[in-house]
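Quick notes on the structure that follows.
The values are calculated or read from the model by the stated rules, or taken from the named source; none is laboratory data. Small disclaimer: the values here were computed from a predicted structure and weren't measured. All Cβ positions, even for glycine, are placed from backbone atoms using ideal geometry, and neighbour counts span all protein chains on display.
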């Protein structure tokens, strides 16, 4: 028996069914709040960055779940879905950015936060990205906002904005 996702089955403890010996069930509707993701934000940034991860420069078409659109300032805090609050990253670098393992400096260079994690040398080591300039759109009006990147640096790297 299928029920819509917003229905929860609760046992009715008052009586049992004479045919099956099981207790009949009643349904109730529950609501939940969640953020609605803006597909325009994702599609716009993927187009602006040409389906390319800004840090690794990996190109994937179609991007699927390999390339993700990352909010610089969390959407749940700011409600900001502007393109200057976003950057395209591959899935692992998106997670690294969200946890503060990597950041972006004032000259759009990649920062690696050695204080938060330890890694072994490998071909996928975050340390290999250290100091590399991220890939940026041709139109500098679409570049990630420095004031939002500065806040990220302050939170995770302890770097005060100038």
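Please pick out the residue among 101, 97 that is surrounded by 14 or more Cβ atoms within 10 Å (Cβ to Cβ), closer than 24 Å to residue 39 by Cα and touching a helix residue (DSSP H, G or I) at 6+ places or on another chain (Cβ under 9 Å). From the options 101, 97, the qualifying one is 97.
Scanning the range 94-117 for residues that are within 21 Å of residue 45 (Cα to Cα) and either without any contact (Cβ under 8 Å) to a residue 12 or more places away in the chain or in a strand (DSSP E or B) (or both) yields a count of 6.
Taken over the range 123-142, residues that are in a loop (DSSP other than H, G, I, E, B) and buried (at least 17 other Cβ atoms within 10 Å of the Cβ) amount to 3. Residues that are touching a helix residue (DSSP H, G or I) at 6+ places or on another chain (Cβ under 6 Å), more than 18 Å from residue 99 (Cβ to Cβ) and crowded, with 20+ Cβ neighbours inside 10 Å within the range 64-84 comprise just one, 83. Residue 120 fulfils the conditions (1) assigned to a loop (DSSP other than H, G, I, E, B); (2) in contact with a strand residue (DSSP E or B) (Cβ under 7 Å, 6 or more places away or on another chain) except for a single criterion, (2). For the range 81-93, the count of residues that are under 21 Å from residue 43 (Cβ atoms) and either assigned to a loop (DSSP other than H, G, I, E, B) or free of Cβ contacts under 8 Å to residues at least 24 places away in the same chain (or both) is nonzero. Go through the residues of the range 150-160 one by one and say whether even a single one is buried (at least 20 other Cβ atoms within 10 Å of the Cβ), outside any helix (DSSP H, G or I) and without any contact (Cβ under 8 Å) to a residue 24 or more places away in the chain. Checked against the condition, which is being buried (at least 20 other Cβ atoms within 10 Å of the Cβ), outside any helix (DSSP H, G or I) and without any contact (Cβ under 8 Å) to a residue 24 or more places away in the chain, the range 150-160 yields no hits at all. For the range 15-32, the criterion of being within 12 Å of the chain's Cα centre (by Cα), modelled with pLDDT of 70 or more and either assigned to a strand (DSSP E or B) or exposed (fewer than 12 other Cβ atoms within 10 Å of the Cβ) (or both) is met by none of the residues.
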